[in-house]
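Asker: A single structure is presented below for examination.
Every number in this text was worked out from the coordinates using simple rules, so none of it is lab data. As the structure is a computational prediction, the values presented were derived from the model and not from experiment. Positions of Cβ are generated from backbone atoms using ideal geometry, with glycine treated the same way; all protein chains shown enter the neighbour counts.
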Amino acid sequence: AVGAVAGGAAWLLGLPPGPAALVGGAVAMSSTALVARQLGEQMELSTRHGRAALGVLLFQDLATLPFLVLLASLAGQGGRGLAAGLLVAAAVGVAMVAAGRWLLGPLVHWVSGTRSTELFMLTALLVIIGAAAVADLAGLSPPLGAFLAGMVLGETEFRHQMEDDIRPFQEVLVGLFFATIGMAVDPAALGTAPGTVALLLAAVVLGKLGLVAVLARPFTGDPSVALRTALCLAHGGEFGLLLVAGALQAGVLPASQGQPLLGALVLSMAVAPLLVRHNGTLARWLSAVRHRERLVAVEQEMAQETAGLQGHVIIAGYGRMGQNVAQMLHEEGVPYVALDLDPGRVRQAHQAGEPVFFGDARRERLLKAAGLQRAGALAITIDHPQAAHRIVHLVRRERKDLPVLVRVRDDRYLDTLLAAGATEVLAEQLEASLILGAELLMLLGRPASQVMDRVAEIRAQEYRPLRQFFHGSDERHDRGRPYARELASVVVGAESWARGRRLDELGLEGLGVSVVAVRRGGIKVPAPALDTRLREGDVLVLAGEPEALEAAAARLARPGRARARIDRAAAGGGARGRG
């Protein structure tokens, strides 16, 4: 549809049907490599909009073949028409597939048997170059032959090895491709028509955005997903650049029309990473008006359905965790209301009769519509600590007495959420460690009551015994690690300032560092007495933030000598069980 609209517009502007169709195909293409890589980095390939965008991109790659044949036909290669060119291309494609099955397979097997990576890579490159040469001899476009060869090689059982061998050269080859395209751009021609380039750029980006959003709506069933898919595709692609550059080189497109289009496609690809990276934010912004209208309707509907509830539970987030909580509440006969921001999930749950509504629990009006003043508890199950903090803050302004249970992935924000007013904060990683340790103790024969008492004690201490770890060298400089406090072991040497001093004379408390244990003669003493005097060879197990631990190590070193040696493996004993 995008190609038809673009081609029709080009024809109305005076281009002949053939070149107009070529322009339509070039504008319709988007960059598979760019979008796939960006979505992969953002962990969005498996999302609904990611799968939809990738499906369209793969179809576009296959649809490039007839446009390459059209380009060769318009350029007069082989002296044949479009129909004959398609027949020749089909014949060449069949021949390549047959050769790949009966000739290429045994050849690649033999080459792989030599165990020579260089020979294997050279063979793959030779096949691609040879296919391009065969296509050129047949009067077709050399890129068409290379494309077909890539498809044939991709069907072999050695495709993964080829990907690994080619990957080091991928960036170089992509850079070479764009350098070649850049050489086809005439800055002088673009400089004479900057307004045309800007107009074409807006037409490409906004036109593809609008058309794809409308066309994707029936297939995705969700306007938000359709809009995010459109944002991922609203730019030009490598094959589009190839078609336009080839048309300019062959004289199929005049420079006055082809150069501005080529410049617009290049600029659209420069904008593409921003569109893909911020597709969620842009989609929400573009649909802000409709979103506000929808929220008002949701508030009214939710207020009506929750009017008769008293002592119910409000669940913020209806993902897996939220649904598990809702299931347990349902089995115990406890009424609940859930809020979630995934329209598809909300629609399915609502159709199934679940009291789930679309909305952001960070909005005070939605919480009030959910019956905040009459609720018996609030469970925050979303995997977003900052949003959870905002929700707790809002709730505490309205209800000081409401029990608020928050789920987080790790303990990075545990203290912050508790300080904000959360009644309980359950950290998945710490809770999993706690349950694993409890099950292990019971398997070893410890009484269940004793184990459960220990579990309750650790929870009452806000997981503090589980929140100190020895970190590896790589983690030590990773400021994004989830745990602020670390454990480190400092060995008291013969020249150490700390030798002969008592623990309470070290002044470590002022640095925010505590002594967790002292190991002497292979015996580890947890929570040592403050009057313990240190000897040569003692190992101090310290707990604190990374910078504080470094300062403590410097203090324990003798002035003017080397710093005390931090040996993370020296703690031994019971410390080995952590992590």
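Asker: Within 10 Å of each candidate Cβ there may be at most 12 other Cβ atoms; applying that plus a DSSP loop requirement, which trypsin sites (Lys or Arg not before Pro) in the range 368-423 survive?
Answerer: Of the trypsin sites (Lys or Arg not before Pro), the ones in loops of the range 368-423 whose Cβ has at most 12 other Cβ atoms within 10 Å are K400.
Asker: Would you mind calculating the gained length between Q373 and S46 on full extension (0.36 nm times residue separation, minus the Cα-Cα distance), in nm to one decimal?
Answerer: 113.8 nm
Asker: Further, regarding this structure: Starting with the fewest neighbours, write out R555, R320 ranked by other beta-carbon atoms found within 10 Å of each beta-carbon.
Answerer: R320, R555
Asker: By a straight-distance test (C-alpha under 21 Å), which lysines pair with K368 as possible cross-link partners, with residues fewer than eight away in the same chain excluded?
Answerer: Straight-line reach from K368, under 21 Å: K400.
Asker: Just to be sure I understand the model, the point goes 7 Å from the Cα along the line to the Cβ. What's the resulting T416 to M328 distance in nm?
Answerer: 2.6 nm
Asker: Then there is this: Please work out the C-alpha center-to-center distance from the range 492-511 to the range 351-419 and express it in whole Å.
Answerer: 46 Å
Asker: Round to the nearest 0.05 the FRET efficiency obtained for H350 and Q429 when R0 = 35 Å and r is the Cβ-Cβ distance.
Answerer: In this case the efficiency is close to 0.60.
Asker: How long are the three semi-axes of the equivalent ellipsoid of the range 307-422, in whole Å, if each is the root of 5 times an eigenvalue of the C-alpha gyration tensor, listed from largest down?
Answerer: 21, 16, 13
Asker: Now for a separate question. Starting with the fewest neighbours, write out K208, K524 ranked by other beta-carbon atoms found within 10 Å of each beta-carbon.
Answerer: K524, K208
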